[in-house]
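Participant: Below are the C-alpha cells for one structure; questions will follow.
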Amino acid sequence: MALRWLTKAASQGSSEAKKELGHLYFSGEKFKKDWRLASTYLLEAYHQGEKDCASVLGSIYEGNKHFRRDVPEMYKWHKIAAESGYLESQIALAGIYASEKEYINPKKMMFWLRKAANQDDIEAMLLLAQGYLDKQQYDLNQAIKWLKIAAKKNHHHALFLLGYIYSSDKYKVVDYNYAFLKYYYALKAGSEVAPGRLGYMYQYGLGMDKDIEQAKSLYSMGALYNDPYAQFYYAELYLDEKYGMMDLLHAFKWSYWANKNNHPGAEKQFKAISDKLTESQIKRGLRAAQQCKVKPVKSFGFQIGYRLGDTGKIYR
C-alpha cells in the first residue's frame, strides 16, 4: 500500500515522495533494496530542492555488489553533503581524501575529521587522534586532547590509546600510573586488548606492585581474546624459570597463536621454542594449540584502516 501510494505521488512530481522512495529502496527497510531506483528517485528529489538527499547519494555511489562504485560521483555528493554539515559525509569525505588515489590530501582529511569531531562524534575523534599520531600530521598534544574527550564518554578504544601513549617510550610522555588506570578503565569498558597490556605492567611492576599471578590471569584473558600481544608475552612468561612457570608446551601453544596472528617477535620466539622440543612434543603442542578456543580474529579496538588506509595497527 505504501509503495503504491508513494510511487503514485512521485509520478505526480512530489519531491517528498521521491525522497522517501529513495531512502526506502536504499535501506531495503520495507521492500527489496534497489540502489538503482534509489539513486534515480534521490537525484530527482535533490534537483527539486531536497538537499538532504546528497549524503545518501554519496553512500550509494560507494557501491555494492549490485551497484557499480563511482568515485567521482561519490566524492561529489559527499562533498555537497559535508559542506551542508552532514556528519556521515564529513567522515566519508575524510576517507576519500585519505585513500582514494586521485583525491589524496592529508590536510583536507584532517579538516573534515575536525569538522566531524566538533559535532561530538566519537569515531571522528578517534580518527582525528590517529591522524595526529601519524608522522605527516604529527601533533601529540592534539591527539591526546581528542582522545581525552572521547575517553570521558568511557570509550574503550580512546582509553586504550591513552594507555598506550603514556606507557610507550615512543611518545616521550611516560606515566605508568596514568597508563595503568587508562588500560584498567579500557578493560572495564570492554577492550579486548587492554588485558595483555595490563598483564605486562603487572609482570614488570609498571604503575603498580609486581604481581605475577595477576599478570598470568590477564595474559590468559587477552590470549583467549586472540590478542597477539597477550599471546606473545604469555608464552614469554612460560619461558622464564625465575617465576617457577617454565613450561615449554604452554609456551609453544601461545607462541603458535601469536605467530599465527603476526606478532612481530613471534616467528623467532616460536622457532626457538620448537627447537627445544621433540617431534612428538611438537605434535602434542600443535594439537593443544589448535584445540584452544580463542575468539575469531577480528578488528580489536579502534582501527582507522577501513576508512583511512592505515597499515600499522598498534593493538593488533
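Participant: Quick check on this structure: which one of L286, L249 is in a helix (DSSP H, G or I), free of Cβ contacts under 8 Å to residues at least 60 places away in the same chain, surrounded by 13 or more Cβ atoms within 10 Å (Cβ to Cβ) and in contact with a Lys or Arg (Cβ under 8 Å, 6 or more places away or on another chain)?
Facilitator: The conditions single out L249.
Participant: So, one more: Would you pick out the residues in segment 178-206 that are at positive phi and in contact (Cβ under 8 Å) with a residue 24 or more places away in the chain?
Facilitator: If the condition is that a residue be at positive phi and in contact (Cβ under 8 Å) with a residue 24 or more places away in the chain, then G190 is the only one that fits.
Participant: Among (1) more than 20 Å from P296 (Cα to Cα); (2) touching a helix residue (DSSP H, G or I) at 6+ places or on another chain (Cβ under 9 Å), which single condition is D247 missing?
Facilitator: For D247, the failing item is (2).
Participant: Sticking with this structure for a sec: Kindly list the number of the only condition in (1) under 14 Å from F232 (Cβ atoms); (2) loosely packed, with under 13 Cβ neighbours inside 10 Å that fails for T278.
Facilitator: Of everything listed in (1) under 14 Å from F232 (Cβ atoms); (2) loosely packed, with under 13 Cβ neighbours inside 10 Å, T278 misses just condition (1).
Participant: Could you please find all residues in segment 207-246 being outside any helix (DSSP H, G or I) and free of Cβ contacts under 8 Å to residues at least 12 places away in the same chain?
Facilitator: D209, K210, D211, D240, G244, M246
Participant: Check whether at least one residue in segment 2-24 is assigned to a helix (DSSP H, G or I), under 26 Å from A124 (Cβ atoms), among the hydroxyl-bearing types (S, T, Y) and free of Cβ contacts under 8 Å to residues at least 24 places away in the same chain, and report yes or no.
Facilitator: no
Participant: Which of the residues belonging to segment 175-191 are surrounded by fewer than 23 Cβ atoms within 10 Å (Cβ to Cβ), of a type outside the set (A, V, I, L, M, F, W, C) and outside any helix (DSSP H, G or I)?
Facilitator: Hits for segment 175-191 are D175, G190.
Participant: From the list N141, N118, N105, pick out the single residue that is closer than 16 Å to L87 by Cβ and polar (S, T, N, Q).
Facilitator: Being closer than 16 Å to L87 by Cβ and polar (S, T, N, Q) holds for just one of N141, N118, N105, which is N118.
Participant: Then there's this: What helices (runs of 4 or more DSSP H) lie completely within segment 36-133 and have 3 or more residues being in contact (Cβ under 8 Å) with a residue 24 or more places away in the chain, within 20 Å of the chain's Cα centre (by Cα) and farther than 25 Å from A10 by Cα?
Facilitator: So the answer is 87-99, 106-117, 122-133.
Participant: Looking only at residues in segment 6-17 that are surrounded by fewer than 16 Cβ atoms within 10 Å (Cβ to Cβ) and more than 42 Å from the chain's Cα centre (by Cα), which one is farthest from L43 (Cα to Cα)?
Facilitator: Looking at the filtered set, the residue picked out is K8.
Participant: Further question: Please verify whether segment 10-21 includes one or more residues that are of a type in the set (G, A, S) and either closer than 18 Å to N64 by Cα or not assigned by TED's automatic domain parsing to the domain that holds G63 (or both).
Facilitator: Scanning segment 10-21 turns up no residue that is of a type in the set (G, A, S) and either closer than 18 Å to N64 by Cα or not assigned by TED's automatic domain parsing to the domain that holds G63 (or both).
The values are calculated or read from the model by the stated rules, or taken from the named source; none is laboratory data. The structure displayed is predicted, hence computed values, not measured ones. All Cβ positions, glycine included, derive from the backbone under ideal geometry; neighbour counts span all protein chains shown.
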